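Bear in mind these aren't lab numbers, they're just calculated from the coordinates by the rules spelled out. Keep in mind it's a predicted model, so treat the numbers as computed, not measured. A quick note on method: Cβ atoms are made from the backbone with ideal geometry, for glycine too, and the neighbour counts reach across all protein chains shown.
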Amino acid sequence: MLNAGQALERLREGNRRFASHQEPTPGLRDAARRAELIAGQEPFAIILGCSDSRVPAELVFDQGFGDLFVIRVAGNVVAPSQVSSVEFAVSRFGTRLVVVLGHSRCGAVSATLEALEDGVTHGMHVLQPIVDRIRPSVEPLLTSHQTRSPELLLREAIRASVRQSADHLRNRSELLEQCIKDDGLMVVGAEYSLETGLVDFFDGTRNSV
């Protein structure tokens, strides 16, 4: 099993291949690889990402069957079921890297900003549980900087939401906290650019800013 640093570098390399339109790595999707995985799996990274159809984690990172344990939910929010899913993969497979993956132009974050600014979610009451989880991370942005352009506000809100989800995983699970302290588990936040295809790992790594 790869350690967290090795897993992160493998994701970065895969994303560089994807963004530069290189051919997918041979063997990642073939029948022999599928057959190898029948008896079990050892995913080297856990991706908690948005359900947006434009951000399929396996393609974005140029990975194949058995490589990633992917959890998807609108707005890449963290609720009890997401925490349990991450805990399961960490404890069962020994995976040592968790990536919270947001993306540019996120509809769930945009809807949350609209709800806070206008008091409505444009009739999408079914989105309210998602909005309620994103709200604490973006609400301070509305009150602290009134001069932001809508585009800049959305970009900052997307990253704030990712940071909130990553912090939740780091600090509100006894199992994950213990693994971070004793076993080298790393939880990082990242943003995928719909425009460029690149992933920026901006939270929780040595190179974070």
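Before moving on, here are some points about what is shown:
- Nearest-0.05 FRET efficiency for SER104 and HIS21, computed from C-beta distance (R0 25 Å): 0.85
- Extended-chain gain in nm, criterion 0.36 nm per residue less alpha-carbon gap, SER85 and GLU139: 16.7 nm
- For the options ARG17, ARG33, ARG170, a Gaussian network treatment of the chain with springs between C-alpha atoms closer than 10 Å singles out ARG33 as fluctuating the most.
- Among LEU48, LEU59, LEU198, residue whose mean-square fluctuation peaks in a GNM of the chain (springs only between Cα atoms under 10 Å): LEU59
- Computed FRET value (nearest 0.05) for GLU114 with ASN171, which takes r as the C-beta separation and R₀ as 45 Å: 0.95
- As a proxy for reagent exposure, LEU11, LEU154 were ordered by neighbouring Cβ count within 10 angstrom, fewest first; the result is LEU154, LEU11.
- Full extension of the chain between MET1 and GLU13 yields a length gain of 2.6 nm, computed as 0.36 nm times the residue separation minus the alpha carbon distance.
- Mean separation of Cα contacts under 8 Å, 6 or more apart, over the residue count of the chain: relative contact order %: 23
- Taking amide H as placed 1.01 Å from N in the peptide plane, the amide H of GLY204 sits under 5 Å from that of GLY189, each at least 5 places away or on another chain.
- GNM top mover of GLU156, GLU114, GLU195 - the chain, alpha-carbon springs below 10 Å: GLU195
- Between segment 180-195 and segment 1-79, the Cα center-to-center distance that results, in Å: 13
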